[in-house]
Amino acid sequence: MNTTMRAFPDSTEAAVLRVALVARGACVTGGEVSFLSLARALPPPYTAQLWITEPGELELQAQERGLPCVRSEGGMLDWRRPAKLLARIARVTRALRRAQVDLVHVNSPMEAPAFIAAARLCRLPCVVHVRIACDRRFLRRQGLPLADAVVFNSASLRAQVGWAAATVILDGTDPPPALPPQRRLALRQELGVRDDELLLGQLGQVIPIKGIDLSLEAVATLRKRGRAVRLAVVGEDTQMHGEYAAILQRMALGLGIAAHVAFTGYRRDAAQLLGAFDLVLCPSRVEPFGRVLIEAMACGVPVIAARVGGIPEVIRDGVDGMLVAAEDAPALAAAIDVLLADPQRRRAMGEAGGRSARGEFASALYAQRMAALYDRVAAPYLSSPRPAQAGVAASREDLSHSPQP
């Protein structure tokens with residue numbers, strides 16, 4: 001870390017410290033939604049600017065929320081072309097200086113190299129988020145050892161990658177507005193749900209690691225037993241440009257359940273749609289955190305999920321939902337069957353999940369934990385210590401369940 005002191009503003013010189021939240025923007029997945037949540041909830045003296053490196057859905061959603069956006073360069077750097085690399089770093093450096101940024105927080109190692117280098121040149125603290133499993137050598141090549149802090153979204157992911165000095169901060173969510181009964185009924189009717197059916201939902205990217213095929217097998221098993229269930233698969237196949245979604249649709253046809261499965265594609269109202277489900281499924285093969293889990297909990301909908309990755313750090317088995325073995329469609333079907341037969345238990349799990357979402361996974365608490373990390377990494381850059389704000393920094397540190405890097 002560059003220890004040269006920057007003339008960082010103290011509380012008497014400036015009312016705010018500007019944080020550049022750097023993210024890609026072509027599509028919005030859990031990591032981008034978490035950044036939007038953080039941008040809205042950051043406590044004073046921090047204020048967020050979203051630095052978006054690709055035009056697309058993230059920029060639209062940020063604008064709808066009234067969040068300030070900066071269009072910036074991004075993408076992977078080609079180390080074999082040093083002239084282009086240095087030119088991009090220079091442009092990012094100038095942009096950070098023009099915007100008078102005080103701290104840089106990058107949402108992905110993919111975008112990190114130019115921003116880490118520019119932060120070093122500007123003598124700014126820099127934080128990098130890791131949200132998916134990456135090879136340690138790749139993270140080193142992306143410059144993460146030069147960042148002031150590395151954040152993982154689950155302890156499981158940190159252990160898997162083996163970056164022991166990193167901080168773990170679980171994501172947070174905002175409770176959605178209550179879904180009016182008439183709107184809930186309209187959404188269920190739109191998805192073809194009959195009055196006697198229970199609606200299962202699976203939300204997220206349509207990719208093999210999400211285990212959508214396991215959900216299809218479980219639904220086929222339950223339909224054969226005469227259970228009135230319907231599945232909605234909500235999400236987009238961006239990686240294979242629709243090819244994998246077509247494979248799943250052919251699978252549903254082959255299992256004889258095509259009439260009982262709705263593939264909705266991307267839905268901008270996905271957060272609202274959650275409230276229309278009776279159960280949310282997350283049989284992922286790999287899941288560093290699983291943002292849909294806390295979103296379902298915030299809607300009061302119980303979750304059945306695979307016991308993999310960071311999921312057990314979110315779902316308390318038998319309390320907020322049920323955990324099953326990975327790659328086990330019969331176990332998934334059995335867990336669904338248990339909850340289908342017990343509406344009172346489903347309701348109790350939904351209520352417990354709602355309490356967790358409003359407490360441990362509240363976006364305000366998530367932002368406080370992140371602000372505590374910002375306090376820590378910014379401290380060496382302060383030319384003079386900022387006065388303590390009625391113990392705010394200390395209380396933030398107490399709220400963080402993350403280890404010191």
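Miscellaneous remarks
- Residue with peak Gaussian network fluctuation, the chain [Cα springs, cutoff 10 Å], from Pro283, Pro312, Pro82: Pro82
- Heavy-atom accessible surface of the stretch 155-217, averaged per residue, reaches 45 Å², computed with a 1.4 Å probe.
- Gap separating the Cα centres of the stretch 141-181 and the stretch 19-96, nearest whole Å: 17 Å
- Here the gap between Arg285 and Arg140, fully extended at 0.36 nm per residue and compared with their Cα-Cα distance, gives a gain of 49.6 nm.
- Å² per residue, accessible surface of the stretch 319-385 at 1.4 Å: 38 Å²
- Taking label positions 7 Å along the Cα-Cβ direction at both Ala364 and Arg267, the computed distance is 2.9 nm, reported to one decimal.
- Taking amide H as placed 1.01 Å from N in the peptide plane, the amide H of Gly242 sits under 5 Å from that of Asp237, each at least 5 places away or on another chain.
- The chain: relative contact order in percent, alpha carbon pairs under 8 Å with at least 6 residues between: 18 percent
- Karplus-based coupling profile of the stretch 239-244, in residue order and whole Hz: 5, 10, 6, x, 5, 6, with θ = phi - 60° in 6.51 cos²θ - 1.76 cosθ + 1.60 and x standing for Gly or Pro.
- What the Cβ-Cβ distance of Leu60 and Lys224 gives, at R0 = 60 Å and to the nearest 0.05, is a FRET efficiency of 0.90.
- Near Trp51, the amide H atoms lying under 5 Å from its own belong to Leu21, Val22, Ala23, Val70; only residues 5 or more places off or on other chains count, and H is placed 1.01 Å from N.
- When the residues Lys84, Lys210 are ordered by accessible surface, computed with a 1.4 Å probe over the protein chains alone, the sequence from largest down reads Lys84, Lys210.
- Top positive-direction residue, dipole computed over the chain with Cβ charges, set Leu139, Gln202, Gly256: Leu139
- For the stretch 83-154, the fraction of 1.4 Å probe accessible surface lying on carbon and sulfur atoms is 56 percent.
- Phi to ³J(HN,Hα) by Karplus 6.51 cos²θ - 1.76 cosθ + 1.60 over the stretch 281-287, Hz, x for Gly, Pro: 9, 9, x, 4, 7, 9, 7
- Amide H to amide H distances under 5 Å link Met322 with Val303, Ile304, Ala305, where only residues 5 or more positions off or on other chains count and H is placed in the peptide plane.
- Computed from point charges on the beta carbon alone (+1 for Lys and Arg, -1 for Asp and Glu), the dipole magnitude for the chain about its Cα centre is near 1020 Debye.
- Spacing of the two label points (7 Å from each Cα toward its C-beta) at His241 and Asp195, in nm: 4.7 nm
- Spin-label zone in the stretch 102-126 - amide nitrogen under 14 Å from a point set 7 Å from the Cα of Leu85 along the C-beta vector: 112-118
- If R0 is taken as 25 Å, the Cβ-Cβ distance between Arg345 and Ile209 corresponds to a FRET efficiency of 0.30.
- Accessible carbon and sulfur surface of the stretch 179-306 relative to its total accessible area, %, 1.4 Å: 52 percent
- Dipole axis of the chain (+1 Lys, Arg; -1 Asp, Glu on Cβ), positive-most option in Leu86, Ala341, Gly300: Leu86
- Charge dipole magnitude, Cβ of K and R +1, D and E -1 - the stretch 140-283, Cα centre, debye nearest 20: 260 debye
- Acute angle (nearest 10 degrees) that the helix 181-190 long axis makes with the longest principal axis of the chain, alpha-carbon atoms: 70 degrees
- Heavy-atom accessible area order for Glu360, Glu111, Glu351, largest first, 1.4 Å probe: Glu351, Glu360, Glu111
- Crossing angle, helix 329-340 versus the chain [Cα axis fit, 0-90 degrees, rounded to tens]: 80 degrees
- 0 to 90° range, to nearest 10: angle between helix 112-122 axis and the chain longest Cα axis: 30 degrees
- Percentage, to the nearest whole number, of Cα pairs in the chain over 34 Å apart: 32 percent
The values are calculated or read from the model by the stated rules, or taken from the named source; none is laboratory data. What you see is a predicted model, and the numbers here were worked out from it, not measured in a lab. With ideal geometry, Cβ positions are generated from the backbone for all residues, glycine too; neighbour counts draw on all protein chains shown. Calculation scope for accessible area: heavy atoms of the full protein, side chains included, ligands and nucleic acids excluded. Shrake-Rupley method; radii C 1.70, N 1.55, O 1.52, S 1.80 Å.
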